[in-house]
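Written below as structure tokens is the structure these notes are about.
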Amino acid sequence: MDLISLHNQRWLKKKQLWNTYCPGSWWARGSIVSPEMRAQYECYLPYQEFRRSLIAIAESILPHRDWVPSVLRQQFDISALPDLWARLPDPYAGRVAFENHEWFPLFCALADPPRFGTDTGRYPQQLEWIQDFLAKSDPAPTILDLGCGVGLGTLEIAKLNPNGRTIGVTTEPLEVWMAQHRKLPHDPKRQREFEQFDNLDSKVDFLLGRAESLESIKDIKANLIVCNGLAGGRFLNKPNDLEQFVNNCQNLLVNNGCLLMANHFHEGELPGVQKMIDILVQQKWTVNGNWRQLVARRCLS
Ligand SMILES: C[S@@+](CC[C@H](N)C(=O)[O-])C[C@H]1O[C@@H](n2cnc3c(N)ncnc32)[C@H](O)[C@@H]1O
């Protein structure tokens, strides 16, 4: 029997046991998961075993093992299946078994969870700033979007920069694939957003890379770096990584280039953003704006 059939058979049986022996109803969006429920799920449907099974299937259907979404590869703050379901969009949440055609969209959903919120129209104030910047730029600039997700925000910027070059960089290979192919197999409604960029004649590239170690883009010189919803938040907040991120931006930017950072972070992430502002100021950047909307500039002379 193939991996997928085996997985489905095994996990549907486990679910049946849960239904037989556990009082209460199955997880649904918005369910409050008490410690007792968590323990029950762990007893009948252990998350680590489920995770390993998903990894094995992902490795068998994705082009490379590095494409396995990081939520499965790393030990995020998931201790039971309901924590994973809470990160998934509705068609996939609350389920343990999937039809053959659902697996690739499921992995895309894990690489681009609703909580990332990558979309167009998220940072209108920043777009206005970019428009002004472009009006004053000659020749047309190179713009780098670090932590670009599935690229909708990057394409929005690229549309404003038809004669320049715009490059989106992100860490999930599946996000790069979705951005390059303008496809969201797990979210057909949001995929329609890509249609507005069908006739885009700007030069746009999407690359795999990390904001704090820019191996893949070290030869690029950018006039503007955009980094939204990343620096200071849960993915990039260790002091060393923030320092490395700031150094990278310094190396990538032309003299007098700008770094823009906007976010919709939870208030609890303010200290992380403040840490990054402190590093920028220590390294002699001029920082303007507030923690949700920053403009940083560093002149060499
Ligand atoms: C919260 S989303 C923000 C997406 C988009 N910039 C926006 O604001 O709509 C954060 C994105 O950064 C990517 N990411 C996480 N860690 C990263 C890192 N170290 N370097 C670059 N991108 C990263 C994630 O895969 C995700 O796409």
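The values are calculated or read from the model by the stated rules, or taken from the named source; none is laboratory data. Here the structure is a predicted model, which is why all the values come from computation and not from measurement. All Cβ positions, glycine included, derive from the backbone under ideal geometry; neighbour counts span all protein chains shown.
This table checks each residue for (1) of a type in the set (A, V, I, L, M, F, W, C); (2) over 18 Å from Trp67 (Cβ atoms); (3) in a helix (DSSP H, G or I); (4) over 20 Å from the mean Cα position of the chain (by Cα).
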position	(1), (2), (3), (4)
Trp103	yes, no, yes, no
Arg115	no, yes, yes, no
Asp119	no, yes, no, no
Gln125	no, yes, yes, yes
Glu128	no, yes, yes, yes
Phe133	yes, yes, yes, yes
Ser137	no, yes, no, yes
Next on the checklist: Just to be sure before I move on: is Val273 surrounded by fewer than 22 Cβ atoms within 10 Å (Cβ to Cβ) and either away from the ligand (no atom under 16 Å from the Cβ) or outside any helix (DSSP H, G or I) (or both) in the structure I sent?
Outcome noted: no
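The rows are residues; the columns are (1) of a type in the set (A, V, I, L, M); (2) over 25 Å from Leu208 (Cα atoms); (3) in the same structural domain as Lys183 (by TED's automatic domain parsing); (4) in contact with a helix residue (DSSP H, G or I) (Cβ under 9 Å, 6 or more places away or on another chain).
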position	(1), (2), (3), (4)
Ser34	no, yes, no, no
His64	no, no, no, yes
Phe76	no, no, no, yes
Gly94	no, yes, no, yes
Asp119	no, no, no, yes
Glu128	no, yes, yes, no
Gln131	no, yes, yes, yes
Checklist entry - Restricting the search to the stretch 279-295, which residues are in a strand (DSSP E or B) and without any contact (Cβ under 8 Å) to a residue 40 or more places away in the chain? => result Thr286, Val287, Asn288, Gly289, Asn290, Leu294
Checklist entry - Within the stretch 206-214, can one find any residue that is polar (S, T, N, Q) and closer than 18 Å to Leu160 by Cα? => result no
Checklist entry - Phe76 passes all but one of (1) within 15 Å of the ligand (Cβ to nearest atom); (2) out of contact with any Cys (no Cβ under 9 Å at 6 or more places or on another chain); (3) assigned to a loop (DSSP other than H, G, I, E, B); (4) closer than 30 Å to Gly289 by Cβ; which number fails? => result (4)
Checklist entry - Within the stretch 119-148, restricting attention to residues that are at pLDDT below 95 and touching a Leu at 6+ places or on another chain (Cβ under 8 Å), which residue is nearest to the ligand (Cβ to nearest atom)? => result Asp119
Item to check | Residue ID - farthest from Val150 (Cα to Cα), chosen from residues in the stretch 204-247 that are surrounded by fewer than 16 Cβ atoms within 10 Å (Cβ to Cβ) and in contact (Cβ under 8 Å) with a residue 40 or more places away in the chain | outcome: Pro239
Checklist entry - Taking into account only those residues within the stretch 165-192 that are over 17 Å from the mean Cα position of the chain (by Cα) and modelled with pLDDT of 95 or more, which is nearest to Ser213 (Cα to Cα)? => result Thr166
Item to check | Asp138 being assigned by TED's automatic domain parsing to the domain that holds Ser25 and either touching an Asp or Glu at 6+ places or on another chain (Cβ under 6 Å) or surrounded by fewer than 13 Cβ atoms within 10 Å (Cβ to Cβ) (or both) | outcome: no
Next on the checklist: Can you pull out every residue in the stretch 65-99 that is buried (at least 17 other Cβ atoms within 10 Å of the Cβ) and under 18 Å from the mean Cα position of the chain (by Cα)?
Outcome noted: Trp67, Val68, Pro69, Val71, Leu72, Ile78, Leu84, Trp85, Ala86, Arg87, Leu88, Pro89
